[in-house]
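A short worksheet on the structure shown next.
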Amino acid sequence: MAIPVPSPAEGVAELAEQTRAGSPAALGALYRRFGPGLYRLAYRLSGSKEDAEDIVHDVFVGLPEALQRYEERGRLDAWLKRLTARIALMKLRAGRRRATLRLEDHDTATEPQRQPETGELQAAVDALPLSLRSVLVLKEIEGYSHSEIAEMLGISAVASRVRLMRAISRLRRTLGENR
Amino acid sequence: MTDHQSELSAALRQLPVPEFDPDLLARILRNRAMGVRVSLPSGGPAFPWRWLAVAATVTVLIGGSWWVTMSFSEIRASRVGARDPFGELLSGRLWSEESLPASPPGRLLPRYPLIRSGSLDLTRLSEGLWTYHSMRSTEGILSEPSFDGRTRLRLTRGSYSGEPAWVITTEGASAGQPLRGSGDTAYVDAVTLRPLYSLTVRNQGRTRIVESFSVSRGFQSLTIKGSKTSFFSGVLELPFPPDAIFTNDWLVERFRMLMAAIPLAKDWSGSIYQTGFFARAGPGTVTQHAVPLNIRVAGRDRVSVPAGRFDCWRVDLESHSAGDVISTRWTMWVSRDKGWVVKSEFQGSDYVRDEVLVSYEPLK
């Protein structure tokens, strides 16, 4: 299908307003601007390309209606990231992570090529339980503060700190054992 | 932040992320144009849903037990009693307009285009006997022997009301026991693959659910035999077009037999509807109507099971309960050449049920 292209001069606030009003072109523009970053976040939280695409799909399919609740007090990209993280966590809690379903002769054509070192690190991150991995990703990769993570996950800032320490400790232990 | 932690953060940021589907935006816009909507959570601070859910559950348990007691005593006064539901069901006498359930709140929309009967490849269906071994595990560690069993599904040609139909029967047994018929039988239209009639038997024959479907309606009866036999029935208006595929198989067990007809391919996706339990045990007791079952080809794997080694599509299936609160997920590995489901995994609330194909026997 032909994908409408808006004028590049349009600002985020205008695009959000037009998306809220149901404009596919504006939705497409927001996707091009924020979609790749949201996909990276979803992939790092889920550890699965398919799940990450599903999450981004859901975010943008539901975005025009969700924008009715967006009050433009904060930046749209931060709001979208919070939304994406929340959907990812909801989905991951609802179903077991697909990473555990990997079978022999897994189709690796679409997976990124990994260096041995990054492969080890990725495997160690994948092995973390969701409660620890989510804090690790949000803090160490996405750069959120503990209070922001606490708001996002519905936990206390102290719990966020504790989870981060546990996640790092487990990562070090796992990586140490492999050396 | 320590140097070690800074190094770790840097290394984490450099972890590779695979390229995403370049057609994702087209899929998003296409689905929106078709009316698909997703209800998103707030992007603001998290609401303490967990505690709210606990409070709600307690309230429902206390209030529900009182309500069920009251409703059932009302029903007993007017129920059909011990009459055989079959003749009534087929003649359609049990279901009056007044027994139609209320519309479900916030009907869910399918995520992908509905699978229509015209898109099916019916030539890939064939008569046969498929035997599966199932294993239920909890937390990935414990396997409960009582759920270590076998299921045999038989797909044969037959007829229903004079029209050609596929007949699916089920046999089951726990480990080491001989397989025997459970009594479960389903007839599906040979052309549209829509359910026509099904009988589900549980609790050593004491519970029987009979369902029959017309183009636009489903009829369901539930009989529970005991010291006093209870009988309930209900009608469901089917909220989808007459050529859209649906299943009344809530656990997607029998529907596996029909997967061969679905034109799976790389990146394929489609939705069907699932009907649930809608017999009325009193006003407002409809528990589930019809919800979308979203099906998506998620990848391709080679899978070894006792029946052999198969090149498979890895297919994700997901359905949502009313309110979009609880999702149910299956993953099935469907052989590319024959269309058989050779392995499946069902994600329960706190357990996983794995099933693998042990054998296939063609029927003459």
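The values are calculated or read from the model by the stated rules, or taken from the named source; none is laboratory data. If you're wondering where the values come from, they're calculated on a predicted model, not measured in any experiment. Don't worry about glycine lacking a Cβ; one is built from the backbone with ideal geometry, like all the others, and counts go over all protein chains shown.
I'm checking my understanding of the structure. Among residues of segment A:36-52 that are at the interface with another protein chain (Cβ under 8 Å from one of its Cβ atoms) and either surrounded by 22 or more Cβ atoms within 10 Å (Cβ to Cβ) or of a type in the set (S, T, N, Q) (or both), which one is nearest to B:L12 (Cα to Cα)? Please lay out each step first, then the result.
Quick first cut of segment A:36-52, residues at the interface with another protein chain (Cβ under 8 Å from one of its Cβ atoms) only: A:36, A:39-40, A:43-44, A:49-50, A:52.
With either surrounded by 22 or more Cβ atoms within 10 Å (Cβ to Cβ) or of a type in the set (S, T, N, Q) (or both) added as a condition, the list becomes A:39, A:43-44, A:49, A:52.
Working: A:Y39: 16, A:Y43: 13, A:R44: 10, A:K49: 17, A:A52: 18 Å.
Selected residue: A:R44.
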Task: Identity of the residue in segment A:159-179, surrounded by 19 or more Cβ atoms within 10 Å (Cβ to Cβ) and in contact with a helix residue (DSSP H, G or I) (Cβ under 6 Å, 6 or more places away or on another chain), that ends up nearest to the other protein chains (Cβ to nearest Cβ) - done: A:L171
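Tell me which residues, restricted to segment A:126-158, are of a type in the set (V, I, T) and surrounded by 15 or more Cβ atoms within 10 Å (Cβ to Cβ). Show your work before the answer.
At the first step, the residues of segment A:126-158 found to be of a type in the set (V, I, T) are A:135, A:137, A:141, A:149, A:155, A:158.
Of everything in segment A:126-158, those that are of a type in the set (V, I, T) and surrounded by 15 or more Cβ atoms within 10 Å (Cβ to Cβ) turn out to be A:V135, A:V137, A:I141, A:I149, A:I155.
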Task: Members of segment A:26-41 found to be in contact (Cβ under 8 Å) with a residue 24 or more places away in the chain and in contact with a Lys or Arg (Cβ under 9 Å, 6 or more places away or on another chain), listed by number - done: A:L27, A:F34, A:G37, A:L38, A:L41
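Only one of these is within 14 Å of chain A (Cβ to nearest Cβ), on the phi < 0 side of the Ramachandran plot and at pLDDT below 95: B:Y273, B:Y351. Name it. Full working, then the answer.
Numbers: B:Y273 fails: within 14 Å of chain A (Cβ to nearest Cβ).
When all the criteria are applied, what remains is B:Y351.
Residues B:V291, B:V342: which one is at pLDDT 95 or above, part of a strand (DSSP E or B) and buried (at least 21 other Cβ atoms within 10 Å of the Cβ)? Talk me through it step by step, then tell me what you get.
On the way: B:V291 fails: at pLDDT 95 or above.
From the options B:V291, B:V342, the qualifying one is B:V342.
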Open item on the list: Of everything in segment B:224-239, what is farther than 16 Å from B:P195 by Cβ, crowded, with 16+ Cβ neighbours inside 10 Å and among the small types (G, A, S)? Give them in sequence order.
Closed with: B:S230, B:S233
